[in-house]
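The values are calculated or read from the model by the stated rules, or taken from the named source; none is laboratory data. The structure displayed is predicted, hence computed values, not measured ones. When we count neighbours, we look across all protein chains shown, and the Cβ atoms used for this are built from the backbone with ideal geometry, even at glycine. Remember, those area values only see protein heavy atoms, side chains included, never the ligands or the DNA or RNA. Shrake-Rupley method; radii C 1.70, N 1.55, O 1.52, S 1.80 Å.
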Amino acid sequence: YQFLHVESYSRVGARTKNGGTKRTIREILDEVQRVPGNIPHIPAPQPPKLIFGRNPDEIEAMVEEWASKSTDACGRKIRSDGLIMLAGVASIPRDHERDFEEFSKATVAYLKEKYGDRLKSVVSHDDEAHPHLHFYVLPKIGEKFEDVHDGFKAAKNAGRTGALKGAQNLAYIESMRAFQNEFSEKVGMKFGLARL
């Protein structure tokens, strides 16, 4: 089956509905770089392999630069718990690992087509159940975070047309489903990965 997932992160972990906090950009980058103390779920961690772009240890400074030069929808400075980085994972089942190199190339080509120079880094790991890629996307200076996240962009556009919150949520869901379908058509199917 296809696995493609994206998450949004901030500099300071935002509060969750159950009283916890979301993971921060620093925590995510430490996990991908296999910094001790950040990977208790991996028995024998191995360093990532850089596939495209910048080393993950350079991403945080790039995120900080974008945040320092950007404002929210009201023209205010970006809050420390405001979303500013899109991070994703694409994996292939272990029984398809012979295709991982070609899958990686096809995935990077797809991500470059989709995000252009907003795609800052792609690394691979082979120390978990399935070989996988991590990728990081940042808005350009002058753009909003919604410009790199399909779901947030769709919800915001729906809101601009006067759609109620339920319709905005539906726009988000439909947009993210379209993202999964697009990846399936352009990458997943070529490697025999089922969409559902």
For this session: Within region 42-71, list the trypsin sites (Lys or Arg not before Pro) lying in a DSSP loop whose Cβ has at most 13 other Cβ atoms in a 10 Å radius.
Result: LYS69
For this session: Take LYS186, project a point 7 Å from its Cα along the Cβ direction, then tell me which residues of region 100-132 have their backbone nitrogen under 16 Å from it.
Result: 103-122
Exercise. How large is the accessible surface per residue of region 1-150, computed with a 1.4 Å probe and reported in Å² as a whole number?
Worked result: 52
For this session: Give the calculated FRET efficiency between HIS41 and GLU64 to the nearest 0.05, with a Förster radius of 25 Å applied to their Cβ-Cβ distance.
Result: 0.35
Problem set entry | Global geometry of the chain, whether rounded, prolate or oblate, following the gyration tensor of its Cα atoms and the 1.5 cut on a/c | oblate
Problem set entry | Sum of side-chain charges, TYR1 neighbourhood, beta-carbon under 13 Å (Lys, Arg +1; Asp, Glu -1) | +1
